[in-house]
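Below is one structure, written out as C-alpha cells; the observations come after it.
The values are calculated or read from the model by the stated rules, or taken from the named source; none is laboratory data. Small disclaimer: the values here were computed from a predicted structure and weren't measured. Here the Cβ positions follow ideal geometry from the backbone for every residue, glycine too, while neighbour counts run over all protein chains shown.
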There are 2 protein chains.
Amino acid sequence: MTKNRKSRRAFLKGAAAGSVAVSTVVAAPALAAGKIRWKMVTTWPKNFPGVGIAAQRIADRIGALSDGRLTVKLFAAGEFVPAFEVFDAVRDGTAECGHDAPYYWIAKNRSVPFFCTVPGGLTPQEHNAWIHYGGGQELWDEMYAEFGLRAWLAGNAGTQMIGWFRKPITSVDDLAGLKIRMAGLHAEVFNRLGATSVNMAGGEIMPALQSGLIDAAEWGGPWMDLAFGFYKVAKYCYGPGVHEPGAAQSLVVNLKAYEALPADLKEIVRVAAEVETVRLLGEFTVMNALARQTLVNEHGVIMEPLPESLLKRWFEVSEDVVGETAAEGDLNWRIYDNWTKFRQSVIDFGPFSEFGYMKARLL
Amino acid sequence: MTKNRKSRRAFLKGAAAGSVAVSTVVAAPALAAGKIRWKMVTTWPKNFPGVGIAAQRIADRIGALSDGRLTVKLFAAGEFVPAFEVFDAVRDGTAECGHDAPYYWIAKNRSVPFFCTVPGGLTPQEHNAWIHYGGGQELWDEMYAEFGLRAWLAGNAGTQMIGWFRKPITSVDDLAGLKIRMAGLHAEVFNRLGATSVNMAGGEIMPALQSGLIDAAEWGGPWMDLAFGFYKVAKYCYGPGVHEPGAAQSLVVNLKAYEALPADLKEIVRVAAEVETVRLLGEFTVMNALARQTLVNEHGVIMEPLPESLLKRWFEVSEDVVGETAAEGDLNWRIYDNWTKFRQSVIDFGPFSEFGYMKARLL
C-alpha cells in the first residue's frame with residue numbers, strides 16, 4: 001500500500017530522466033552497429049501516471065528484451081506530433097509506432113471503438129478475451145491493414161467513471177445543454193441525451209474546465225483524474241462509467257517498419273505491448289481504489305452512481321448508437337455481429353463467472 | 001467463435017509435435033554454441049487444453065523471444081517427475097523451471113495459496129493487481145527465497161466452479177461424508193463442513209470418480225472439465241467457485257539457474273510468463289462461456305448456484321480458515337495483513353468498478 005508514494009516518486013524521477021534522454025538521443029547517430037531505433041508517439045502528457053508511464057514501460061521493455069538491439073524513444077503528446085495526429089504519423093512513417101486509445105480514430109472508421117471500449121460493452125477481462133481468442137484481433141488487423149498499420153492491446157484503464165460535473169445530475173434533464181468532454185461512440189450517446197460532446201486530449205481538459213469552455217469532463221478514472229486535479233473545479237464524480245467499461249490502450253505500428261524486423265524482434269514488440277494489458281490494469285485496480293479514498297476523504301468529492309432512471313435511458317440510446325455502426329459496411333457489420341454474440345455469451349455465463357462470485361462475496 | 005474447433009486442432013497437432021520434439025531433443029547435444037536449454041516440469045497432463053497448452057506457449061515464447069538462445073523443453077506430469085514433485089524438482093535443480101498452481105505446495109508453507117487463489121478472495125483482475133502493484137510479488141519473493149526459488153504469475157483459469165457432484169446439494173448437510181477432490185486452503189473449508197477432501201493431480205481425477213474412490217470433484221471450470229468428461233459420471237455442477245475466485249498458475253524458477261542468465265534472458269523469462277496471465281484468462285473467458293452451452297444443452301448437465309444458506313455458512317468457515325494462516329509466523333501474518341487490506345479496498349471501490357458496471361449492464 002506504499003505504492004502510491006512510490007509511483008509519485010517514479011513520476012518525478014521519470015520526468016527528469018525524460019528530459020535528459022531527449023538531448024542524448026538527438027546527439028546520438030540514428031543507427032549504430034546493427035541497432036534499430038524507433039520513435040513512439042503518444043496521445044498522453046509527458047510521464048503522466050497511468051497511461052503515460054505505461055507507454056514508457058513498453059518502450060523500456062522492448063529495449064530490455066532485445067538487449068538494446070531495438071530501442072524506442074518515446075515522445076509525449078505535442079513533443080513530436082500533436083496527440084490527435086498519432087495515427088497519421090505512424091501511418092505515414094513519421095514515427096514507427098504509437099501508444100493511444102484506439103477510439104480517438106473514430107473518424108477513420110466508425111467501428112474502431114470496438115477495439116478500445118464501447119458504451120455498454122465489455123469489461124477489461126472480457127475485452128482481452130474477445131480480442132485474443134474471440135476473433136477481435138483478426139477483425140482489427142483487417143481494418144488497420146487498409147491504413148498500412150497493425151495494433152495490439154497495450155494497456156487497460158479499467159472501468160472508467162462517467163466523469164466530473166460542477167452541478168449534481170439527478171435526472172436525464174440535467175444533461176441538457178451541458179458541454180462535456182467525451183471521446184468515442186459515447187460522445188454521440190451523450191449528444192442524443194441533450195449534451196454537447198467535445199473531444200480533447202488529456203492535457204487540454206483541466207484548462208478547458210477552469211475557463212468554462214466545458215461544464216463537465218470524462219478522462220481516466222479516479223487515479224488519473226486526481227493527478228489532473230479535476231476535483232478542484234468539479235465536486236461531483238459519477239460512476240461506474242457505463243460508457244467505457246474497460247478502456248483499452250493500443251500499441252499501433254507502421255506495418256512496413258514492423259515487417260522489416262527479424263522474427264524475434266517482432267515477437268518482442270508484440271509481447272512487450274501485450275503484457276502491459278495486465279500490468280496497467282493491475283496498477284489502475286490498486287490506485288483507483290486508493291484514489292477514491294483520497295478524493296472523498298481529503299477533497300470532499302461526492303462520488304455516486306447516476307440515477308437508475310437515467311442509466312436505463314442511457315442504455316437504450318447507447319444500444320442504438322452501437323448498433324448503427326453495423327450499417328457502415330461489410331467489415332463493420334462483421335465486427336458488430338461477432339462482438340455482439342461474444343458479449344451475449346459472457347453475459348449468459350455471468351452467474352457462474354467473476355460477476356456471480358463478486359455478488360456471492362457480499363452475502 | 002470458430003476458435004473452439006481451432007483449439008481442438010491445435011490440441012491434436014500439439015500432441016503430435018510434442019512426441020516429435022522428445023526424440024529430437026534427446027538426440028541433440030545438451031548445450032550447443034552458447035545456447036541454453038532448460039527443462040520445464042509441470043503439474044498438468046500432456047498438451048491438456050487450458051493450463052497444459054499455456055505451459056507450452058510459455059516455453060515456445062521464451063524460445064521465440066530469445067531467437068533460440070534459451071530453449072525450454074516441457075515435460076507433462078509424470079513424464080520427468082510426478083505432478084506433485086514439481087516444486088522439489090525445481091528446488092533441487094532437477095529442472096530449471098516449472099509451471100504449476102502454487103497452492104499445491106501448501107505443505108511447504110500454509111500461506112502459499114495467497115499467491116494462487118484463496119477461498120472468498122480475489123478475482124483474477126484483483127489478484128494480478130495485488131501481486132504486481134499491491135505488494136504481493138515482494139512477499140512471494142520473500143517466501144520462495146527460502147527455498148532457492150522465485151515465481152511469477154503465468155496464467156489464470158478465472159473463477160472456478162465448485163465442482164461436480166453425483167447427487168444434488170440442497171443444504172450444507174448434503175456435504176456430510178462426501179469424499180471430494182479439492183486442493184489448497186479450501187480443502188480444509190470443505191472438511192470443516194463435513195466433507196473429506198483429498199487432493200490429486202488433474203489426470204487422476206476421472207479414474208477416481210469412475211471407480212467411486214471420490215464422490216465429487218473440483219478441477220478447472222467448464223472448459224477443462226468438459227475435456228476430462230466429468231459430466232459422464234456426475235450431472236450436477238455448482239458454481240461460481242467461491243473457493244477459487246481466480247485460480248492463478250505460476251512459472252517457478254530455480255533461483256541459481258535464473259541468476260546465471262544474462263539480463264535480457266531474465267527479462268524474457270519473466271515477461272513470457274506474465275503475458276500468459278492475460279492470454280490464458282482470455283482463453284478461459286471465451287471457452288468457459290461456450291463450454292457451459294455444450295454441457296447444459298448437449299450433455300444435460302444441471303449447472304446451478306449453491307443454496308444461499310450453504311454459501312453463507314461456507315463464507316463463515318472460510319474466513320476462519322484463511323484468518324488462521326496469519327498465526328503461522330511473521331511472514332504469514334504480513335501476507336494476511338497486506339492481502340486483507342487490499343481486498344477490503346477493492347471491495348469498497350466495487351460499486352464504481354467492473355462489478356458496479358456489470359450490475360448496471362443488466363438494468
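Values as computed for the structure displayed
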| quantity | calculated |
| --- | --- |
| Members of the stretch B:318-358 that are under 21 Å from residue A:128 (Cβ atoms) and without any contact (Cβ under 8 Å) to a residue 40 or more places away in the chain | B:349, B:350, B:352, B:353, B:355, B:356, B:357, B:358 |
| In the stretch A:252-273, the residues that are outside any helix (DSSP H, G or I) and within 13 Å of another protein chain (Cβ to nearest Cβ) | A:261, A:262 |
| Near pairs, Cβ below 8 angstrom, 6+ apart or cross-chain, from the stretch B:83-108 (farther than 18 Å from residue B:197 by Cα and modelled with pLDDT of 95 or more) to any residue that is part of a loop (DSSP other than H, G, I, E, B) and of a type in the set (D, E, K, R) | B:87/B:108; B:90/B:96 |
| Test set (1) part of a loop (DSSP other than H, G, I, E, B); (2) farther than 22 Å from residue B:221 by Cβ - residue A:363 fails condition number | (2) |
| Members of the stretch B:60-98 found to be touching a Gly at 6+ places or on another chain (Cβ under 8 Å) and within 14 Å of chain A (Cβ to nearest Cβ), listed by number | B:69, B:70, B:71 |
| Residue ranges of strands (runs of 3 or more DSSP E) in the stretch B:117-217 with at least 2 members buried (at least 21 other Cβ atoms within 10 Å of the Cβ) | B:149-156, B:163-165, B:179-181 |
| Top-ranked residue of the stretch B:75-113 - restricted to ones that are hydroxyl-bearing (Ser, Thr, Tyr) and in contact with a Ser or Thr (Cβ under 7 Å, 6 or more places away or on another chain), ranked as surrounded by the fewest Cβ atoms within 10 Å (Cβ to Cβ) | B:104 |
| Residue list for the stretch B:99-135, filter: within 26 Å of residue B:57 (Cα to Cα) and facing chain A (nearest Cβ under 10 Å) | B:122, B:123, B:124, B:125, B:126, B:127, B:128, B:129, B:130, B:131, B:132, B:133 |
| Any chance residue A:248 is under 23 Å from the mean Cα position of the chain (by Cα) and surrounded by 20 or more Cβ atoms within 10 Å (Cβ to Cβ) | yes |
| Checklist (1) among the aliphatic types (A, V, I, L, M); (2) facing another protein chain (nearest Cβ under 9 Å); (3) under 30 Å from residue A:267 (Cβ atoms) applied to residue B:306, failing item | (3) |
| Where residue B:319 falls short, out of the listed (1) assigned to a helix (DSSP H, G or I); (2) surrounded by fewer than 21 Cβ atoms within 10 Å (Cβ to Cβ); (3) facing chain A (nearest Cβ under 9 Å) | (3) |
| Residues of the stretch A:340-363 that turn out to be within 11 Å of chain B (Cβ to nearest Cβ) and over 27 Å from residue B:309 (Cα atoms), as a count | 5 |
| Only one of B:271, B:301, B:296 that is under 30 Å from residue B:70 (Cβ atoms), of a type in the set (Val, Ile, Thr) and at pLDDT 95 or above | B:271 |
| The stretch A:287-303, subset small (Gly, Ala, Ser) and within 12 Å of another protein chain (Cβ to nearest Cβ), residue farthest from residue A:121 (Cα to Cα) | A:291 |
| Any hit, the stretch A:46-69, residues being part of a strand (DSSP E or B), modelled with pLDDT of 95 or more and closer than 23 Å to residue B:66 by Cα | no |
| Residue within the stretch A:325-334 that is part of a loop (DSSP other than H, G, I, E, B) and more than 7 Å from chain B (Cβ to nearest Cβ) present | yes |
| Failed condition for residue A:126, given (1) over 13 Å from the mean Cα position of the chain (by Cα); (2) within 27 Å of residue A:257 (Cβ to Cβ) | (2) |
